Amino acid sequence: MANQEAFAALILKRTGFFKNEFQLKQVLAADRSDGSSLVGTVVRLGVAREDEFLKKIAEILGFSYIEVNNAKPSNDILTKLPAKAVYQYNVLPVAFSGNILTVVTSDPFNMAMVDGLRLAAGCGIQLALCTREDIDKAIKKYYGVGADAIESLIDDGRYSVDDDLLSQISKIDVNEIGTEASIVKFVNQIIAEADRQGATDIHIEPMEDELRIRYRIDGMLHKVDVPPQLNKLKAAIISRVKVMANLDIAEKRLPMDGRIGIRIGGEDIDIRVSTMPGAWGESISLRLLAKSGNFVKMADLGFSKRDFSVVNKIIHRPNGIFLVTGPTGSGKSTSLYSFLHEVNTMDVRILTAEDPIEYQMDGIIQVQMNSDIGLNFARALRAFLRQDPDKIMVGEIRDRETAEIAINASLTGHMVFSTLHTNDAAGAFPRLTDMGVEPFLIASAVAGVMGQRLCRRLCPNCKHEVPLDRKYYDLPYPPARETVFEPHGCETCNQTGYKGRRALFEVLEVDDDIESAIVKRQNATQIRELSLAKGMKTLREDGWDKTFMGVTSISEVMRVTEENA
């Protein structure tokens, strides 16, 4: 051990990255009881960047530095090491020649690792170097997320790769299926990886020949690389998720809903679980909601100057209704929380009725709906009026009863925020009328409606500027510039060209003319044209503005908005 430390100290000193002996001793003496490597300690203490440091180490030791993103090891090479060893040591086999297996690592000083790999592979080991993050991505790409857990489950002999687990259920305690240690580990890895990638949803979908797992990231679905043996274990995996959500694992014929509370990286995550019986087994959807109050400030939502001014004026009104419209997943809740955060002061009492409570806010009374005991939006809203609120937020107006109580609340001196499922802002008025609310009440109560969509943001690391080709895009007004930015793709954005999302808005303010149009039962198109004449910009026009600002691309704006939006 002493010889290894002396060797490591010698190599570290020869890299030339250390300013003095004290800095070198600080690295060697650092606590690594958490399993961190010597190279990791060098990076953590700010001595050098990992890639630069490893390249220098490779030069000194005569190793190769390999960009694993470009390596394409064959299946024969990948199977030289069991997945358990690959995940345990965070290594990737990339070549095999003369009974020597070349393995990429980020920890060249770990002699115990070399011995373990030699034993696992049954041959000689030659090390090559690359960064830990790149190796981690390559492992998931070639072996699949959770491959080590699945391999352990197969290796223990009870679950055969050749036999469908569904035929073995009668031999195994049904509760044991969902709590087997390796299954627990696999499901946890799937959820943790989704959180790491910023996914909002996880879909576990049994097919005839595979168990497909997909993440929704920035509004788009991406298939997850998983081990090929996974299909044989789909019953166990589905049962494990149902156990976590406190659902009846014996019931496979009916849709069910549940919730999972989990902690990842010090952050509490609330997961909504929905099951749906399908031809090849139960499909499960999980929606991930972070409970922390990392709210987007209203000023950072991306409003134009005109829209910000109108919205800010409406939300600070003493009474009225402000509706946010759009399809599921368009960011309505995020906008509402930012408005509540803006008006949340010591002299304002705010009550919310939510299903579910997506984010917990200090200083606000938030009420979780529970249909099993009869606590719905209408009943909660009726009770709110006896609680002396100033501002009220109702998760969604779904029916006539809720709509009428919300209108009565606004007419009796309360400001009400809510959401409505319509395609655009102007469509909110016919929608309320269809629910059975009188137009004169709608006109008197509704102060404004905001429609919104989410579009993907261009990755700032790889977006590139191109000339605007006018013949392909019929812009509604002269372009602000003759060039636009387009996606390219890099490691930062997983080769998609996009990273994160930004909202597009259309803000309709109700004035005397709009009120008159509502009372006259004019349709959405007529109200829309009237609003446009008064300065409202459509969702697509707001998208064009953000395109010329370099926020998103023309193709993305066209994807998420309608031609007349």
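The values are calculated or read from the model by the stated rules, or taken from the named source; none is laboratory data. Please read these numbers as outputs of a predicted model, since none were measured by experiment. All Cβ positions, glycine included, derive from the backbone under ideal geometry; neighbour counts span all protein chains shown. For accessibility, only protein heavy atoms count, side chains too; no ligands or nucleic acids. Shrake-Rupley method; radii C 1.70, N 1.55, O 1.52, S 1.80 Å.
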Quiz item: If one computes the Cα centroid of region 415-469 and of region 510-565, what distance in Å separates the two points?
Solution: 9 Å
Self-check item: the chain: angle of helix 332-343 to the longest principal axis, Cα-based, in degrees nearest 10
Solution: 70 degrees
Quiz item: Among all the aspartates and glutamates, which ones have a C-alpha under 16 Å from Lys332's C-alpha, if same-chain residues fewer than 8 places away are not counted?
Solution: Asp218, Asp300, Asp307, Glu342, Glu354, Asp355, Glu358, Glu396, Asp424, Glu506
Practice problem: Taking the chain as the reference, fit the longest principal axis to its C-alpha atoms, fit the long axis of helix 524-533 to the helix C-alpha atoms, and give the angle between the two in degrees, 0 to 90, nearest 10. | Solution: 90 degrees
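When DSSP beta bridges are limited to those with both residues in the chain, what percentage is antiparallel, rounded to the nearest 5?
Details: 53 of 84 bridges.
In the chain, approximately 65 percent of DSSP beta bridges are antiparallel ones.
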Quiz item: Based on Cβ point charges of +1 for Lys and Arg and -1 for Asp and Glu, what charge dipole magnitude is obtained for the chain about its Cα centre, in debye rounded to the nearest 20?
Solution: 840 debye
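Estimate the FRET efficiency between Glu21 and Ala112 by the formula 1/(1 + (r/R0)^6), using the beta-carbon distance for r and 30 Å for R0, to the nearest 0.05. The partial results should precede the final answer.
Working: r = 27 Å, r/R0 = 0.91.
Plugging the Cβ-Cβ distance into 1/(1 + (r/R0)^6) gives 0.65.
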Exercise. Would you mind checking the tilt of helix 400-411 against the longest principal axis of the Cα atoms of the chain, expressed as 0 to 90 degrees and rounded to 10?
Key: 70 degrees
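For every other residue with a beta carbon closer than 11 angstrom to the beta carbon of Glu282, add +1 if it is Lys or Arg and -1 if Asp or Glu, then tell me the sum. Let's see the in-between values first.
Working: positive: Lys234, Lys242, Lys252, Arg253; negative: Glu205, Glu251.
Taking every other residue near Glu282 into account, the sum is +2.
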Practice problem: Just flag the GluC sites (Glu not before Pro) in region 478-564 sitting in loop per DSSP whose Cβ has no more than 11 other Cβ atoms within 10 Å. | Solution: Glu482, Glu563
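With a sphere of radius 10 Å drawn around the Cβ of Arg349, what net charge do the other residues whose Cβ falls strictly inside it have (Lys, Arg +1; Asp, Glu -1)? Before the final figure, lay out each step's value.
Details: positive: Lys391; negative: Asp347, Asp388, Asp390.
Net local charge, Arg349 excluded: -2.
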Quiz item: Out of these labelled values of Rg and Dmax of the Cα atoms in Å, (i) 29.1, 94; (ii) 30.2, 98; (iii) 28.6, 90, which was calculated from the coordinates shown here?
Solution: (iii)
Exercise. Using every pair of alpha-carbon atoms in region 29-120, split the distances into 5 Å bins beginning at 0 and state the percent of pairs per bin, rounded to integers.
Key: 3, 12, 22, 24, 21, 12, 6, 2, 0
Quiz prompt | Linear extension gain, Ala533 paired with Met361, 0.36 nm per residue minus alpha-carbon span | solution = 58.1 nm
Practice problem: Hey, could you grab the Kirkwood Rh for region 194-305? Inverse mean 1/r over distinct alpha carbon pairs, Å, one decimal. | Solution: 15.5 Å
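For the chain, what does the accessible surface come to per residue with a 1.4 Å probe? Please give it in Å².
Working: 26910 Å² over 565 residues.
Ligands and nucleic acids excluded, the figure is 48 Å² per residue.
Taking all protein chains as present, what is the carbon and sulfur share of the accessible area of region 278-370, in % to the nearest whole number, probe 1.4 Å?
Details: 2140 of 4190 Å².
Taking all protein chains in place, region 278-370 shows 51 percent carbon and sulfur surface.
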Quiz prompt | Label zone at Leu411, where the point sits 7 Å out along the Cα-to-Cβ direction: region 421-436 residues whose backbone N lies under 15 Å | solution = 433, 436
Practice problem: Please give, to one decimal in nm, the separation of the simple spin-label points placed at His488 and Gln126, each 7 Å out from Cα toward the Cβ. | Solution: 3.5 nm
